[in-house]
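To start, the structure itself, in structure tokens.
Every number here is computed from the coordinates shown, using simple stated rules; none is lab data. All figures in this text were calculated on a predicted structure; none of them were measured in a lab. Methodologically, a virtual Cβ is constructed for each residue, glycine included, from the backbone with ideal geometry; neighbour enumeration extends over all protein chains shown.
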Amino acid sequence: MNDTRMMDRCVLCGKSREHVRKLILGMYGGVCADCVKLAGDILRSESNAPAPTHPLGTVDTVPKPKDIYRVLNQYVVGQERAKRVLSVAVYNHYKRVKAGASGEVELQKSNILLIGPTG
């Protein structure tokens, strides 16, 4: 399909410009007002749903380094020392973020550089 025909139709439902109230054009095509409304309704209904839980909790509950290490084990093979160092650094980062919100304690910031054949 050529570019001008793409701009004359909704990329989601396929209705032509003549069959919709408004066609909002973007760089790669257009979306009709009905599809925009439907997408908005879907997003609003999903925002009422409970947020998905993270395996390590929230910033309010700082996970222990061993818990962070356990999650890293699910994704990283080998590299035990790197996972251990990263676990402690992430733990300290979480503590710094939490303390920064309340201004209780000043924690030293550490930088980590991961290099190697995989990135």
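At a glance:
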read-out	value
Surrounding net charge for Arg21, when Lys and Arg each add one and Asp and Glu each subtract one, Cβ distance under 13 Å	+2
Cα-centred dipole magnitude for segment 3-47, charges only on beta-carbon of K, R (+1) and D, E (-1), debye, nearest 20	120
